[in-house]
Structure formats: C-alpha cells, structure tokens
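The values are calculated or read from the model by the stated rules, or taken from the named source; none is laboratory data. If you're wondering where the values come from, they're calculated on a predicted model, not measured in any experiment. A quick note on method: Cβ atoms are made from the backbone with ideal geometry, for glycine too, and the neighbour counts reach across all protein chains shown. For the accessible areas, the whole protein counts, side chains as well, though only heavy atoms, and no ligand, DNA or RNA atoms are used. Shrake-Rupley method; radii C 1.70, N 1.55, O 1.52, S 1.80 Å.
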Amino acid sequence: MAGPLNPKSGPPGATRRTAVGLILGAPLLGACSSVQQSLSSFSNPFSSSEPGPAGPQQQPLAVGSGQVKVGLILPLSAPGNAGVAAQSMKNAAEMALAEFQNPNIQLLIKDDAGNPQGAQQGTQQALDEGAEIILGPLFAVSVPAAAQLTRARGVSMIAFSTDSSVAGRGVFLLSFLPESDVNRIIEYSASTGKRSYAALLPENAYGNVVEASFKQVVGRRGGRIVAFEKYGADRAGAARTVAQALGQADALFVADDGDAVVGMADALTAAGANLRNIQLLGTGLWDNPRVFASPALQGGLYAAPDPAGFRSFSGRYRAKFGADPVRTATLAYDAVALVAALARTQGGQRFSPEVLTNPSGFAGIDGLFRFRADGTNERGLAVMRVASGGSTPVAGSPKSFGA
C-alpha cells in the first residue's frame, strides 16, 4: 500500500516492502492536473523550437554533499518558456533536497540547452562523475540520446517527457501521461453505469494517444462507441456529425485544452446538441478557467490529481523563491524526493528496475504513482466536476493501487 513518508521523519529500519511502498511527499500531497502543454507536440509541454536565441549555457552545478550521486539534466539555457520551466524545476529539485532531512544525495545538475546533443553531453558528464541514476531530460527528443549512455552503463533514467514512446528498458517517465487521464475518467464513468460513448478528439499527436487509450478502456469495460470524430481547425463538421448521434450516447468525451474544449462546446450547441442531457467527460487539460466559466460545460467531469497538493507546494515554493512554480516543477521535486528516499532505504539495489517498479508505488506531491515495466507510469487521479467557481472533487484519489 502506498502512502506518505514525511521526508523529515522516515524510520531507517523499515522493511523493503514498506519502505518502497511508503515513499515521498512532504507530507502526502496532491495537485491539479493543469499541464498546459502544446497539444500539437504534447510530448513536450514547452516548445523546443521557440523563437529567440538560447541563453549562455549554464555551468554544471553540484548541490548537496551526500555520497549517492544523481544526475539532473534540464534545458536551463533553452529559449523562451522552456528555460523558465527548467529553472523552476531546478529550484524544486533543490527544495526537495532541503526538505528531506539529511539526504545522502548529491545532485549533479547539467544544462542540456534543450537539444539531444546537450542531453548526451550532460548525461555523459554525470555518469563520468559517478551518477547512479539520471533524472531528466525534459524533451522527448533528448531522451533517446541520453538513454543510449545510461543503458550502456546499466543506469536507470527517470525522464520528464510525456511522450510514452520514449519509455522503455531502463527509461521511466515521471510525467503526466494522457493515458492515465483517459483510463481514470472512462473507468469512473463506466462505474456509474455509462455504456455508450461519443468522442471528439483533436487531429494531432495528443489526440492519437488519447484515441488509442479511449478505445482500449471502453472495450475493456464492455462499452460501445456510437460516434467518434477527429477535427482540425474547423470543428463544425465533426460537431454536426457527433451532435446527430448524441441521442444514442450516455456520455460525450472531449479531450483537448481549455480554449478548444470551449470552442467545441459552442460548435456542438450551434449544431443543435443539448449538452445538459449528456454527461461530458474530459482529461486533465480541462483544468482551465475558461472551461470553468463556460455555461455549456458545467457539470462536466475530468480526471486530475487532487488540487490541494499543488497549492501547498506552491506556497512553500513562493516562500523560498519569491515566485510561482511552473506546473511541471512538482515532477522534479518528486523525482529528487524519490531517489533520496530510495537511497536511504534500499541499499545497493536502490535504483534498479525491480525497486522502481514496485507495484505498491509511491506517494508524492501529485498523489500516487507507480512505474510500469515498460517505463510508463500510472497515477492515482481524482475525478473533478466543472463548476463556475473552479472544480470540485466527486471521486477522490485512490489510497492505494489495485493489483
């Protein structure tokens, strides 16, 4: 059973099963799932081709004095939002180290400049300096380049990309994967008696991943899909087709970001759909003020971590750094807290795939998570209801993972 381990008070003599199952947090926290990522390149929440020059490459930095060395690869000098996010993630990593009492960890922080060559160079440096595990990179395009080196050394990597195609042997993703959102919201919907689904998805990489997960989970739960359409810039045609079929559906699943979901709701209404007569379903990208403000989307349900944890994390971050964290900063915090806890409790096999894939999982700022053998992850998510003042939980995050 997974649960919190306060980083300032963990018992050093816990058994292997308990110690791995009861890891992270400060205490157990959750988060809102507002990963505002570019849906056309969802594998990276920050465009790796933003205009403007990259900043000067930051010098390698070692933080902490522990014996267990951990590489942290981030695009610190990348242009635009990517560099800003990387700095926030670096701050969160240092914050985790500070909040975990006497961790036996030294972070070897390397700037990959947001490209595969930089990721490979930074990873090589960290490995040569004795890193036992690599955290990062952030960009999907950089993960395979770094993974060539870690696999050759038999070293595990915990990367931050949301593109599950870069996961695999020895490469684990600690990120918000669309698959977790889809599984949670459809499983919940099925548990409340919904059997027939209509769906509208964007014609892009995010939509392709969501489509595969949606069709799989609906089939697994014995449901049927009565209408399915994908759309590009013109939503009207897809909206008309689905609107005509809504009488046969129990629920309508729309997976897109806030602006697009509001636009699709308007298009459906214009096509004659009465959205009050059907249960609307979405993913964590619905965690957006525009969705909450839309009259047509009131009562819609989406999957996300409980919002309390990110609020608490943000307050501590602001107190320490005088600014708000980016949403993905929690990933860096949880990654460092995880390796610190494993270094304390798991001996020489602390970062092995067998330890990292413990089925009980771990509890962090964003709630429960566990790594699968294929390198992807599963998250324990809440189900949130859209309301004009924000969102409210209708089904809490699970306290433990099923078998």
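Solvent-accessible surface of segment 75-191, averaged per residue with a 1.4 angstrom probe and all protein chains in place: 29 square angstrom.
Hey, what angle do you get for helix 329-345 against the long axis of the chain, alpha-carbon based, 0 to 90 degrees rounded to 10? Roughly 50 degrees, rounded to the nearest 10. For segment 285-394, with all protein chains in place and a probe radius of 1.4 Å, 53% of the accessible heavy-atom surface sits on carbon or sulfur. Placing a pseudo-label 7 Å from each Cα along the Cα-to-Cβ vector at residue 62 and residue 277 gives an inter-label distance of 6.9 nm. By the gyration tensor of its Cα atoms, with a ≥ b ≥ c the square roots of the eigenvalues, what is the shape of segment 217-257: rounded for a/c under 1.5, prolate for a/b over b/c, or oblate? Note, shape of segment 217-257 comes out oblate. Its DSSP H runs of at least 4 residues, each contributing -39,500 (n - 2.57), put the calculated 222 nm mean residue ellipticity of the chain at -11000 deg cm²/dmol, to the nearest 500. In this label model, residue 125 and residue 372 are separated by 3.5 nm, measuring between points 7 Å along each Cα→Cβ vector. The amide H of residue 135, built 1.01 Å from its N in the peptide plane, has 71, 72, 73, 158 as neighbours under 5 Å, considering only residues 5 or more places off or on other chains. For segment 333-401, the solvent-accessible area with a 1.4 angstrom probe is 31 square angstrom per residue.
Counting only alpha carbon atoms, the long axis of helix 80-99 and the longest principal axis of the chain meet at about 60°. Backbone phi angles across segment 196-203, fed through the Karplus curve with coefficients 6.51, -1.76 and 1.60 (θ = phi - 60°), yield HN-Hα couplings of 10, 10, 10, 8, 10, 10, x, 7 Hz in residue order; Gly and Pro are listed as x.
Please identify which residues in segment 261-299 have an amide N closer than 17 Å to a label point set 7 Å out from the Cα of residue 240, following the Cα→Cβ vector. Counting backbone N atoms under 17 Å from the label point, the list is 264-274.
Restricting attention to the chain, close to 35% of DSSP beta bridges with both partner residues there are antiparallel. Rolling a 1.4 Å probe across the protein heavy atoms gives segment 192-249 an accessible surface of 47 Å² per residue.
In the chain, the longest principal axis of the Cα atoms and the axis of helix 143-153 are about 40 degrees apart.
Label separation (residue 216 vs residue 349): 2.8 nm, computed from points 7 Å beyond Cα along the C-beta direction. Extension gain, residue 259 to residue 387: 0.36 nm times the residue separation minus the Cα-Cα distance gives 44.5 nm. For a paramagnetic label modelled at 7 Å from the Cα of residue 269 toward its Cβ, which residues of segment 226-252 fall within the zone defined by backbone nitrogen distances under 20 Å? Correct set: 234-247, 251-252. One chain, two ends: residue 203 and residue 191. Fully extended at 0.36 nm per residue, the span grows by 1.5 nm beyond their Cα-Cα distance. Among the lysines of the chain, pairs that are 8 or more positions apart or on different chains and have alpha carbons within less than 19 Å of each other number 7. Computing FRET efficiency as 1/(1 + (r/R0)^6) for residue 84 and residue 290, where r is the C-beta to C-beta distance and R0 is 35 Å, gives about 0.95. The percentage of C-alpha pairs in segment 172-331 whose separation is greater than 23 Å is 39%.
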